[in-house]
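Q: Before anything else, here's the structure in question.
The values are calculated or read from the model by the stated rules, or taken from the named source; none is laboratory data. Computed from a predicted model, the values in this text were never measured in an experiment. Cβ: placed from backbone, ideal geometry, glycine included. Neighbour counts: every protein chain shown. Ligands, DNA and RNA are stripped out before the accessible areas are found, and what is left, the full protein with its side chains, is counted by its heavy atoms. Shrake-Rupley method; radii C 1.70, N 1.55, O 1.52, S 1.80 Å.
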Amino acid sequence: MQGYNYSSGVWQFEGHGYVPCGMSGVCIMQVFGASPHNTTLMLRVSNGSLYYYNKSLLVPNIYDRWFKLNVIHDVNASRLNVYVDGDLKLEAPGRGGTIHYFKCGVYVQDNESYYRESRWKGIK
């Protein structure tokens, strides 16, 4: 999503995502920009479940269904909230950086599957 870089304020990503069965070891959504890291937030799929980076389980069995994702980034408070289907799944601290932007799609991570796909609609 080009033209939506931000450095302050409260920003929200909203979209409906779909992860087909068999895809694993990938990131499907990011808040890019951090310091000294590259990302402030990474949502990853591994073995059918959705994780914050590869640390915290957010949603088991995310395969083969549409889900609504909202990510709210309060830059000034250095805080992120992640909602899946309207339920708060994560409150996480920011990770620094001066310029941020949202990304969604499929980004290869660790032990990625041969098959890689995510579908998105209604992105705001």
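Q: May I ask you to list the residues in the range 70-84 that are in a strand (DSSP E or B) and either among the polar types (S, T, N, Q) or open to solvent by less than 80 Å² (accessible area, probe 1.4 Å) (or both)?
A: Initially, the range 70-84 is screened for residues in a strand (DSSP E or B), giving 70-74, 79-84.
If the condition is that a residue be in a strand (DSSP E or B) and either among the polar types (S, T, N, Q) or open to solvent by less than 80 Å² (accessible area, probe 1.4 Å) (or both), then ASN70, VAL71, ILE72, HIS73, ASP74, LEU80, ASN81, VAL82, TYR83, VAL84 are the ones that fit.
Q: Taking the range 85-114 as the region of interest, how many residues are within 15 Å of HIS37 (Cβ to Cβ) and outside any strand (DSSP E or B)?
A: Summing the residues that are within 15 Å of HIS37 (Cβ to Cβ) and outside any strand (DSSP E or B) in the range 85-114 gives 7.
Q: In the range 86-124, what count of residues is obtained for those that are open to solvent by less than 60 Å² (accessible area, probe 1.4 Å), modelled with pLDDT of 90 or more, under 18 Å from TYR52 (Cβ atoms) and among the hydrophobic types (A, V, I, L, M, F, W, C)?
A: Number of matching residues: 4.
Q: Criterion first (at pLDDT 95 or above, farther than 16 Å from ILE123 by Cα and hydroxyl-bearing (Ser, Thr, Tyr)) does TYR83 satisfy it?
A: Considered against the rule, which asks whether it is at pLDDT 95 or above, farther than 16 Å from ILE123 by Cα and hydroxyl-bearing (Ser, Thr, Tyr), TYR83 comes out as no.
Q: Also, quick follow-up: Go through SER35, SER118, SER56, SER49 for me and flag whichever is free of Cβ contacts under 8 Å to residues at least 24 places away in the same chain and either of a type in the set (S, T, N, Q) or in contact with a Ser or Thr (Cβ under 9 Å, 6 or more places away or on another chain) (or both).
A: On the way: SER35 fails: free of Cβ contacts under 8 Å to residues at least 24 places away in the same chain; SER118 fails: free of Cβ contacts under 8 Å to residues at least 24 places away in the same chain; SER56 fails: free of Cβ contacts under 8 Å to residues at least 24 places away in the same chain.
None of the others qualify; the one that does is SER49.
Q: Which ones in the range 41-59 are modelled with pLDDT under 95, within 21 Å of GLY96 (Cα to Cα) and hydroxyl-bearing (Ser, Thr, Tyr)?
A: If the condition is that a residue be modelled with pLDDT under 95, within 21 Å of GLY96 (Cα to Cα) and hydroxyl-bearing (Ser, Thr, Tyr), then TYR53, SER56 are the ones that fit.
Q: If you go through the range 50-69, how many residues are surrounded by fewer than 16 Cβ atoms within 10 Å (Cβ to Cβ), of a type in the set (Ser, Thr, Tyr) and over 16 Å from TYR83 (Cβ atoms)?
A: Number of matching residues: 1.
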